[in-house]
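K.L.:
I have a structure here, written as C-alpha cells, and I will follow up with some questions on it.
The values are calculated or read from the model by the stated rules, or taken from the named source; none is laboratory data. Treat the numbers as computed from the prediction; the structure is a model and nothing was measured. In this analysis, Cβ positions are derived from the backbone assuming ideal geometry, glycine residues included, and neighbour counts consider all displayed protein chains.
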Amino acid sequence: MTESDPDVVVIGSGAGGAPTAALLAEAGLGVLVVEEGEHVRQGEVVPFSLEQMERQYRAGGVTAALGRPSIAYTEACCIGGGSEINSGLYRRPPEDVLARWRTEHRIERFATDDLLAICDEVERELDVQLLPAAPIAAGAALQRGAGRLGWDHDEIPRWMTYDGADVASGRRQSMTETYLPRAERAGARLLPGHRAERIVVDGGRATGVVLRDRSGVVTTVRTRAVFVCGGAIQTPALLQRSGFRHRVGRALAVHPTVKLAARFGDEMNVPDDVPVHQVKEFAPDLSFGGSASNPGLIALALSDHWARFGPAVEDWQHLAVYYAAITSEGRGRVRAVPGLRDPIVTYRLTRRDRALLGQGLARLALVLLEAGATEVYPSYRGAPVVRGRKEIGAMRGGFSAAKAAVMTVHLCSTVPMGGDERWAATDSFGRLHGTSNVHVNDASLLPDAPGVNPQASVMAVAIRNARHFLVTWERRGRAA
C-alpha cells in the first residue's frame, strides 16, 4: 500500500477510528489513518496541564456551543483522539438504552447480547478493571457522602494497567496503546498532522479525500472507501464541506455539566488524577462525579465569584472539583460555514434541563457536606459559600443556568444512524445515505446521549459496523 492509494481512508484515530482501522487492516485491507493532530506519546505531557491542552486539544481546549447559556466543550486533536485526554473511565451502554435505540430508531441487527459481547472483547483489549487499592481522597469523599445519605454509588472501572497495588502506577490503555498498534502491525499507515478538508465524490461514490498538512500543502488521496471518525463536531463539519446535508449536524446531544469546588480539613488534591466513584441515585437524569483538580483547574472553578472565592485557592491542596451531569432533552446544531476553519456549534437547553442543573448542584453540595466538606464553592456568578445544609436552599434559589459555567465532555448524535431515512443520516451500519462507500463510525452515530460516558458505546458500535463492512466488502470481491 502507498499513501496515495489505500483501500480505505479512516479519518480520525479515536475510539471510533482506531478499532475501525485495526479490524480493517487485520482483514487484509490497505488502510490509511488520517489525523489532524500530532502524535504525543503517553508520558510526554503531564495530564491536565497547559502543555497537554496545547498539544492534544483542539483550540487549546477552549471551544463552546453558543446558546443561553453557552456550553463549553472539549475536543481532542491528536493521535488517539479523546482516549488520550480523558481519564479512562468506562461504562457499558445501558441495556435499556440499547433497546430504545433499536426500537425507536429502527436499527437493524442491533441485538443487546451482540453489543455486550463486543464490550467483553473491548474490556479484555483495554484491561478494563477496578482500582487495585483504595481510591484517592477526593473519590473516597464522594463515596463516603453518598453512603451516609443512602444513595446509590459505585466505582467506575477504567482502561488501566497497574504495577501491583500501586494506584499511582496506572497507565491508561488508550488507543495509542491498544488498537492503533494493532492496526500498524497489520500494515495500516498513520498520517498525523493532516486535516481532511473534504471528500471527493462522484455520483454518490467517494473517490478520494483532500488533505492539507500544517504547512498548507494540499494533496488528494485516492481510495475505494472512506470512514469518517472525527467526532461529533468535526465529522458533520467535514461531511457538510463535502456537500452532504441530509440530517447531518442537526441533532447534537450532550451531557451538560455544572461544577463546584469543595474544601476539606484534610489534604484532598491529587493534581494528575481524578476520582473514579460516581453517584447514580438519580440516574439516568442526573449523576455526580469528581473532576481533574490541579491548581489551575481549582482556580477556574472558583473564578465565577473570584472576589469571594478567590482566597481559597491558596489552600488548593485541601480542595477538589466535582460535577453534576444531566441527560439533556435539549439539542444543538453543527454548521460548517464557508471561510471559517471550524464549524459554528449551537445548543439549546430546555426548561427541564435548566431546572435539573440547579437540582443537581444542590444535591451535589449535600453529598459533599455529608462527606465532611467544610466549605462548598458553587460555580455560578454571585454564588454563596455553602457551609451547611441550611445554606443549600439559598444556593439553589440563586442559581440559574444563565449564570453558571456549564460545560460538557460528551458529545454525540450529529450524524445519527437508523432505519428511517427521514430521520437518520446513515443506515443501520453507518453508511451515509446517498452514498455507496462513505461511512461514519464514531460518536456522531449514537441516536442520543446514553446517560453514561459514551466511549464504550462508541467502540462497540464501531466494531459492529466495521465487521458488517468487511462482510459486504468480501461479497463485492467475490462478485467481481
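K.L.:
Which of the residues that make up the range 394-411 are over 15 Å from Ala64 (Cα atoms) and either in a loop (DSSP other than H, G, I, E, B) or outside the structural domain of Trp306 (by TED's automatic domain parsing) (or both)?
P.N.:
Within the range 394-411, Phe399, Ser400 meet the criteria.
K.L.:
Can we say Ser287 is among the hydroxyl-bearing types (Ser, Thr, Tyr) and either in contact with a helix residue (DSSP H, G or I) (Cβ under 6 Å, 6 or more places away or on another chain) or not in a loop (DSSP other than H, G, I, E, B) (or both)?
P.N.:
yes
K.L.:
Something else about it: List the pairs whose first member sits in the range 257-275 and is among the aromatic types (Phe, Trp, Tyr), whose second member is part of a strand (DSSP E or B) and crowded, with 24+ Cβ neighbours inside 10 Å, and whose Cβ atoms are under 9 Å apart, counting only residues at least 6 apart or on separate chains?
P.N.:
Phe264/Leu319; Phe264/Ala320
K.L.:
Hey, could you check the range 8-32 for residues that are out of contact with any Pro (no Cβ under 9 Å at 6 or more places or on another chain) and among the β-branched types (Val, Ile, Thr) and say which is surrounded by the most Cβ atoms within 10 Å (Cβ to Cβ)?
P.N.:
Going through the qualifying residues, I end up with Val10.
K.L.:
Kindly provide the set of residues from the range 314-340 that are crowded, with 16+ Cβ neighbours inside 10 Å, touching a strand residue (DSSP E or B) at 6+ places or on another chain (Cβ under 8 Å) and either of a type in the set (Ser, Thr, Tyr) or assigned to a helix (DSSP H, G or I) (or both), ordered by number.
P.N.:
Those that are crowded, with 16+ Cβ neighbours inside 10 Å, touching a strand residue (DSSP E or B) at 6+ places or on another chain (Cβ under 8 Å) and either of a type in the set (Ser, Thr, Tyr) or assigned to a helix (DSSP H, G or I) (or both): His318, Tyr322, Tyr323, Thr327, Ser328.
K.L.:
Which condition number does Glu51 fail, the rest of (1) assigned to a helix (DSSP H, G or I); (2) buried (at least 19 other Cβ atoms within 10 Å of the Cβ); (3) over 19 Å from the mean Cα position of the chain (by Cα) being met?
P.N.:
The number of the failed condition is (2).
K.L.:
Are any residues in the range 87-111 within 29 Å of Val33 (Cα to Cα), in contact with a strand residue (DSSP E or B) (Cβ under 8 Å, 6 or more places away or on another chain) and in a loop (DSSP other than H, G, I, E, B), and if so, which ones?
P.N.:
Passing the criteria: Ser87, Gly88, Tyr90, Ile107.
K.L.:
Is it the case, given these coordinates, that Arg351 is within 20 Å of Ser70 (Cα to Cα) and without any contact (Cβ under 8 Å) to a residue 24 or more places away in the chain?
P.N.:
yes
K.L.:
Do we find that Ala283 is touching a residue at least 60 places away in the same chain (Cβ under 8 Å), under 30 Å from Ala320 (Cα atoms) and either touching a Gly at 6+ places or on another chain (Cβ under 6 Å) or crowded, with 24+ Cβ neighbours inside 10 Å (or both) in this structure?
P.N.:
Considered against the rule, which asks whether it is touching a residue at least 60 places away in the same chain (Cβ under 8 Å), under 30 Å from Ala320 (Cα atoms) and either touching a Gly at 6+ places or on another chain (Cβ under 6 Å) or crowded, with 24+ Cβ neighbours inside 10 Å (or both), Ala283 comes out as no.
K.L.:
Okay, next question. Tell me yes or no: at least one residue of the range 151-159 is touching a helix residue (DSSP H, G or I) at 6+ places or on another chain (Cβ under 6 Å) and assigned by TED's automatic domain parsing to the domain that holds Glu26.
P.N.:
No: the range 151-159 contains no residue that is touching a helix residue (DSSP H, G or I) at 6+ places or on another chain (Cβ under 6 Å) and assigned by TED's automatic domain parsing to the domain that holds Glu26.
K.L.:
Select from the range 295-307 the residues that are farther than 19 Å from Val406 by Cα and out of contact with any helix residue (DSSP H, G or I) (no Cβ under 8 Å at 6 or more places or on another chain) and list them in ascending order.
P.N.:
Correct list: Ala307 only.
K.L.:
Further, regarding this structure: Checking the conditions here, which among Gln240, Gln234 is surrounded by fewer than 21 Cβ atoms within 10 Å (Cβ to Cβ) and assigned to a helix (DSSP H, G or I)?
P.N.:
Going through Gln240, Gln234 in turn, the sole match is Gln240.
K.L.:
Would you pick out the residues in the range 33-47 that are outside any strand (DSSP E or B) and out of contact with any Pro (no Cβ under 7 Å at 6 or more places or on another chain)?
P.N.:
Glu36, Val40, Arg41, Gln42, Gly43, Glu44, Val45, Val46, Pro47 - these are the residues of the range 33-47 that are outside any strand (DSSP E or B) and out of contact with any Pro (no Cβ under 7 Å at 6 or more places or on another chain).
So that you can scan it fast, the table gives a plain yes or no per residue for (1) in a loop (DSSP other than H, G, I, E, B); (2) more than 14 Å from the chain's Cα centre (by Cα); (3) within 30 Å of Ala64 (Cα to Cα); (4) at pLDDT 95 or above:
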residue	(1), (2), (3), (4)
Ile392	no, yes, yes, yes
Ser436	yes, yes, no, yes
Ala456	no, no, yes, yes
Ala466	no, yes, no, yes
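K.L.:
Are any residues in the range 207-223 of a type in the set (Lys, Arg) and under 29 Å from the mean Cα position of the chain (by Cα), and if so, which ones?
P.N.:
Arg212, Arg214
K.L.:
Only residues that are in contact with a strand residue (DSSP E or B) (Cβ under 9 Å, 6 or more places away or on another chain) and closer than 24 Å to Val45 by Cβ: list them for the range 157-166, please.
P.N.:
Within the range 157-166, Arg158, Trp159, Met160, Thr161, Tyr162, Asp163 qualify.
K.L.:
Hey, among the residues in the range 130-177 that are assigned to a strand (DSSP E or B), in contact with a Phe, Trp or Tyr (Cβ under 8 Å, 6 or more places away or on another chain) and not charged (D, E, K, R), which one's farthest from Ser83 (Cα to Cα)?
P.N.:
Top of the filtered list is Ser169.
K.L.:
Take Val274 and decide whether it is modelled with pLDDT under 95 and either in contact with a Pro (Cβ under 7 Å, 6 or more places away or on another chain) or surrounded by 22 or more Cβ atoms within 10 Å (Cβ to Cβ) (or both).
P.N.:
Spelling it out, Val274 is indeed modelled with pLDDT under 95 and either in contact with a Pro (Cβ under 7 Å, 6 or more places away or on another chain) or surrounded by 22 or more Cβ atoms within 10 Å (Cβ to Cβ) (or both).
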